[in-house]
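Only the coordinates and a few stated rules stand behind these numbers; no lab work does. Since we're looking at a predicted model, the values are computed, not measured. Backbone-built Cβ (ideal geometry, glycine too); neighbour counts: all protein chains shown.
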Amino acid sequence: MTTEADRIADPWGERTPYDRGTPWPARTDRHLAPGLTEADVERWVQTASVLHSNGDAMDIAVRHGRVVGVRGRAGDRVNRGRLGPKDLYGWQANNSPDRLTRPLVRRNGRLVPSDWDTAMDRIVSRTRHLLDERGPGSIGFYTSGQLFLEEYYTLAVLARAGIGTNHLDGNTRLCTSTAAEALKESFGCDGQPGSYEDIDHADALALFGHNMAETQTVLWARVLDRLAGGDPPALVCVDPRTTPVARRATVHLAPRPGTNVALMNALLHEIIRRGWTDPSYIDAHTVGYAELAARVERCTPRWASRICDVPAPGIERAAEILGTAERLTSTVLQGFYQSHQATAAAVQVNNLHLIRGMLGRPGRGLLQMNGQPSAENTRECGADGNLPGFRNWQNDEQVAQLAEVWNVTPDRIPHYAPPTHAMQMFRYAEQGTLRMLWISGTNPAVSLPELARIRSILGQERLFVVVQDLFETETAQLADVVLPAATWGEKTGTLTNADRTVHLSDKAVDPPGEARPDLDIFLDFAARMDFRDKDGGPLIGWHDPESAFAAWQRCSAGRPCDYTGLSYERLHGGTGIQWPCTAGAPDGTSRLYTDGFPFAHPDTCESYGKDLVTGAPDEPVEYRSLNPDGKAVVKAAEYLPPHEDVSPDFPLQLITGRTVHHFHTRTKTGRAPELNAAAPDVWAEMSGAEAAALGLHAGDLVEVGTRRGAVRARLRITPMRDGVVFVPFHYGYWDTPAGHRPAADGAGRAANEGTITDWDPVSKQPLFKTCAARVTPVEPGTGTERHRTAHTARTARSAR
């Protein structure tokens, strides 16, 4: 079946029901430029999505040297041919007339076109000067979740062993660092235990803070098809908003933002109290259970009800579903990751699966999800606050292994402290110790919290900012040098999705003008800097994507994310393959932890763990004493109140999030006509009761203000818990008639004008969902605006 329907009104497409334990049927989605048919396509080139973390496999349609459409790959294990709205329409950004085509350099306060030699000479000159005058700690790199594995790995080598800086992180810090940290806390190592195929076998699904219907539309289509088939799974949803997931849930729990740990402790309390644990699994495979049982003994549903403002019977019913399921699959995302006690809450989901023995078998799946398409690669390659290959910075033997791979001495690799996280890097820049920041493929002037502060930091005269991107983003406008980058479809590389599936994306067309692939830019910089290994040879010996992939394979060998059984040839033409892929597992590995936790052993683990309250790293001797045999760690957490609570002046809680039609800061999706038309401007959502109490109506222009800033948006009245206001974070200033700055009174269009500079102590992920806020009217909506708002809500409901 091939479909080319309007996927704006219907993001999930036609149902293809299937029963538990049977394969998910194929459905090939496609979209071509107006007036074209498949007969007009000159060639199809394989790729996978870079606009969400699901990893949908597709082919790019090429005609006259341009991308003219896409179609799903029906044989791929991830999507079986289906594509979401961003897949189907987002490719049009490649052809946008405002693509960067030449380097820009700042002269006399203005960015002006230049050439590559001039731009790179400026970067190299400043790098060398800072290394001589201030040392490697004065230079930092902040990258994306949208590049390819080969690019991240090259960046990690040149930053850590070339420059010698500890300051390398990605904007995956904003979306996926809690996933990584939670996995390390429980299993000693990163890497998703489960597989998307667990949805095919589960009799219960639990989505914790994961609006899958909008963030991973194709995966939600898989769930919808299970719900429409025989023997459908029960569905538990934890979300303060009545999302499409919540509307289909068997039980929907809508906790007060910032209280996830209290809710999880109550669920664990009930499961333990009612004997729904697996004692033999706990004894054989875990340590720490007794402490967890003691911690949650008093955390009754009634206790949690008072904290979370959730009815106790709902907690009890959810616990019954989670505790009695024969095959439970859980997913976790930003509702937990970007909220108070993020890692502690995510770890409790791991605990739920550990005490029930729900790992390593079909349908017994756990997915600490990603938000971005190649976020997994940043973690594997050491481009986001880890060492490459999931190596432990506190383990001298593992550092020595990495040094051997790179042919450098161990002291060349910074490991005197944890790799610097993004929020700390910006603080160092604010304080003046970090003097150069190279930003590739991301837009922190819109995506980071408290934007007035971020603009101030990036605008400092003493901070040399390099931006590598496709468009002149809000961040690029503050840069000293802007490098035009190639994008998806214009370069070759691999990317790994949220369930460890590796896909190859081939080059389909040439980039516009003088734009270059990110890999070529990094290799050019390394060559100009003349980085050398300990024998005097080039530190980076590869020259193209395939040789970079081969170098990464050597680095990954023997580690959890082992790629040694993969190759470009194997990834051509068929389906994506899940790592680890080795000689012993040539077809990849569907599920981890089918027989114990080998990378939890003190000698091999990626992390010795952290204190869930302070984030302080545990010492090796502590971990070895706790877990000498390498088992999973059941780690208890006490609920603590949020750092910022409501007050008479700020009586509401602001939560930010995503919408189905946009990705990140709209640099791509805002340039796709269908996606932009579907959601052209920012809005705010409140419950009907909350709006009525403030005398507000749908379509009114309101100001959502916090102690740090404000955003102006049209109001939508939607089903959600009272006391909360939701604003999507995607919107910046590049596409507004008013220009590129907030209004004179400080109110802007970006939700992050008001979010707080605060982060989880363990994962260092910013807390975008715990701000105290107030909503005030600016002007009433017109009848047209109110009609449009109501029509949008009706359309969304009908699509569900």
Next on the checklist: Can you return the lysines within cross-link range of Lys764? Criterion is Cα-Cα under 17 Å, with same-chain partners fewer than 8 residues away left out.
Outcome noted: Lys184, Lys610
Checklist outcome for this item: For the range 372-383, in residue order, the Karplus 3J(HN,Hα) values (coefficients 6.51, -1.76, 1.60; θ = phi - 60°; whole Hz; Gly and Pro = x) are 10, x, 10, 4, 4, 5, 4, 6, 4, 7, x, 9
Item to check | Reachable lysines from Lys86, criterion Cα separation under 26 angstrom, eight or more residues apart if same chain | outcome: Lys491, Lys507, Lys668, Lys769
Item to check | Sparse-neighbourhood loop sites, trypsin sites (Lys or Arg not before Pro) in the range 414-488 - DSSP loop, at most 13 other Cβ within 10 angstrom | outcome: Arg462
Item to check | Separation between Cα centres of the range 72-95 and the range 682-708, rounded to whole Å | outcome: 35 Å
Checklist entry - Just from the alpha-carbon atoms, what are the Rg and Dmax of the chain in angstroms? => result 24.7, 74
Next on the checklist: If amide hydrogens are placed 1.01 Å from N in the peptide plane, which non-local residues have theirs closer than 5 Å to the one on Gly135?
Outcome noted: none
Next on the checklist: Can you say what percent of the DSSP beta bridges in the range 2-95, counting only those with both residues inside, are antiparallel? Round to 5.
Outcome noted: 90 percent
Checklist outcome for this item: Calc'd 3J(HN,Hα), the range 657-665, phi into Karplus 6.51 cos²θ - 1.76 cosθ + 1.60 (θ = phi - 60°), Hz, glycine/Pro = x, comes to x, 10, 10, 4, 8, 10, 10, 6, 9
Checklist entry - In terms of modelled amide H atoms, which long-range or inter-chain residues lie less than 5 Å from the amide H of Asp562? => result Cys581
Checklist entry - Based on DSSP H runs of at least 4 residues, each adding -39500 (n - 2.57), what is the mean residue ellipticity at 222 nm of the chain after dividing by all its residues, to the nearest 500 deg cm²/dmol? => result -8500 deg cm²/dmol
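Using Cβ contacts closer than 10 Å as the measure, can you line up Cys189, Cys175, Cys381 from fewest to most? Could the numbers behind the result be given before it?
On the way: Cys189 23, Cys175 27, Cys381 32.
Going from least to most buried by this count: Cys189, Cys175, Cys381.
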Next on the checklist: How are the alpha carbon pair distances in the range 98-232 distributed across 10 Å bins from zero to the largest one, expressed in percent?
Outcome noted: 9, 23, 28, 17, 15, 7, 1
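For the chain, give me the percentage of DSSP beta bridges that are antiparallel, rounded to the nearest 5 percent.
Bridges in the chain that DSSP calls antiparallel: roughly 50 percent.
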Next on the checklist: Rg/Rh for the range 2-95 to two decimals, with Rh computed the Kirkwood way over all alpha-carbon pairs.
Outcome noted: 0.97
Next on the checklist: How high is the relative contact order of the chain? Use alpha-carbon pairs under 8 Å, at least six apart in sequence, and give a whole percent.
Outcome noted: 18 percent
Checklist outcome for this item: The set of residues whose placed amide H lies less than 5 Å from the amide H of Met720, leaving out same-chain residues fewer than 5 positions away, is Thr242, Gly688
Next on the checklist: Relative contact order for the range 2-95: what percent, with Cα pairs under 8 Å and sequence separation of 6 or more?
Outcome noted: 27 percent
